[in-house]
Ligand code: HEM
């Protein structure tokens, strides 16, 4: 037995026998551990101190019944976890507090995540991990509170499993799943940060163009006679950039990928059997950048594709799937004959605005025409199977498209 464990066992035995000093010593020795577990699980919520106190009272009260003093730590962790779960249950049953009470419930100064970040001087990735914990649900937070201490060497895996009330193998699976969800939380944190930086950038752009208008999209928007606030302009610029940038880049990228990987596609373009415009329209049928983009809310109860949809439900429309609907395609590839009736730009009042579609079309067509003209021997630099798709259910494109080509001298007017 480790000397710390021996010391704890001796203290527990003395405390059980009624030694007041030993009881005080036990509380002093284990208070930080309990505070850490509860504080992390509740993210420093104002209830933390109550639960820590309640845990210590239960521990001291239950000591006479503890049969194996060597298991004191696991037993203590399990009591702390029960306290946390009890509080979560009570909170779920409690009526939702009014705004006036909300301030009392979460003590911002006691926010454990921020405190941890500050105290440990976390930066970069480690800071993101700490913030990502806010995106975990209660079960995962409870587990994380223990796992964090396991990682710091303060708890063993057996103690963690006991705290959760599950066998160690089960605990291993739960830790693995929790880590995966934590990874997702990190992605959310990074996306939210990026969104904030993006908003700040657009707000600066609007302020700059207000002060010194030029011949650009923002200045033209600002010159529009209807009164819009600068915040509305900044949000509009964000919407246009988000809606236009990656969609167009993916359209161009997917067209190039097909050109470089599918002989039939490349031959029909290079051989002039169809125009670049026809070929890129086919991409919108076969490999549209917009797989799922349009979010809609049902205004009334209805049935769609055999599913019951209630008023207020949110629907994500699978535009890419609709384009390859076997009822339309009837098994044939390219059965649409280059028609523009695909749903890649969505449909109806909120579809991609027609002028935007036209701009995208010009960018993609020009990009491909110039590329084919300047770099006729362009080829994929990696096997097609090694291309990596961006992990997104919404926009379809590859993370990169490595190519090889012979550099050529540019001709034309470079002045
Ligand atoms: C220069 C390029 C583009 C611009 C400026 C642009 C602009 C926009 C704007 C302003 C919206 C409305 C966003 C909103 O109100 O939330 C929109 C929606 C949309 N755009 Fe585009 N877009 C471009 C390229 C594309 C491309 C290449 C595609 C697909 C091939 C596309 C597909 C869509 C779709 C599916 C929507 C959603 C419509 C809906 O909610 O039903 N856009 N676009």
Subset of the stretch 278-298 that is away from the ligand (no atom under 13 Å from the Cβ) and touching a helix residue (DSSP H, G or I) at 6+ places or on another chain (Cβ under 9 Å) - its residue that is farthest from residue 252 (Cα to Cα)
278
Failed item in (1) more than 16 Å from the ligand (Cβ to nearest atom); (2) surrounded by 13 or more Cβ atoms within 10 Å (Cβ to Cβ), with residue 308 passing the rest:
(2)
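Out of curiosity, is residue 91 more than 18 Å from residue 161 (Cα to Cα) and modelled with pLDDT of 90 or more? Please lay out each step first, then the result.
On the way: more than 18 Å from residue 161 (Cα to Cα): yes; modelled with pLDDT of 90 or more: no.
Answer is no for this residue.
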So residue 301 fits all but one of (1) modelled with pLDDT of 90 or more; (2) within 12 Å of the ligand (Cβ to nearest atom); what number is the exception?
(2)
Leading residue by the ranking (nearest to the ligand (Cβ to nearest atom)) among those in the stretch 331-356 that are modelled with pLDDT of 90 or more and farther than 23 Å from residue 393 by Cβ:
353
Counting only residues that are in contact (Cβ under 8 Å) with a residue 40 or more places away in the chain and on the phi < 0 side of the Ramachandran plot, how many does the stretch 27-54 have?
14
Taking the conditions exactly as written (farther than 16 Å from residue 257 by Cβ, in contact with a helix residue (DSSP H, G or I) (Cβ under 9 Å, 6 or more places away or on another chain) and modelled with pLDDT under 90), does residue 328 satisfy them or not?
yes
Which one of 328, 359 is touching a residue at least 24 places away in the same chain (Cβ under 8 Å) and either surrounded by fewer than 10 Cβ atoms within 10 Å (Cβ to Cβ) or in the same structural domain as residue 279 (by TED's automatic domain parsing) (or both)?
359
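Here is a yes/no grid of residues against (1) modelled with pLDDT of 90 or more; (2) loosely packed, with under 11 Cβ neighbours inside 10 Å:
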{"site": "152", "(1), (2)": "no, yes"}
{"site": "156", "(1), (2)": "no, no"}
{"site": "168", "(1), (2)": "no, no"}
{"site": "190", "(1), (2)": "no, no"}
{"site": "194", "(1), (2)": "yes, yes"}
{"site": "203", "(1), (2)": "yes, no"}
{"site": "210", "(1), (2)": "yes, no"}
{"site": "246", "(1), (2)": "yes, no"}
Residue check: is residue 368 surrounded by 13 or more Cβ atoms within 10 Å (Cβ to Cβ), more than 28 Å from the chain's Cα centre (by Cα) and within 10 Å of the ligand (Cβ to nearest atom)?
no
If I ask for residues that are part of a helix (DSSP H, G or I) and in contact with a helix residue (DSSP H, G or I) (Cβ under 6 Å, 6 or more places away or on another chain), which ones from the stretch 37-55 would you list?
37, 38, 39, 40, 41, 48, 51, 52, 54, 55
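The values are calculated or read from the model by the stated rules, or taken from the named source; none is laboratory data. Being a predicted model, the structure only gives us computed values, none of them experimental. We place every Cβ from the backbone using ideal geometry, glycine too, and count neighbours over all the protein chains shown.
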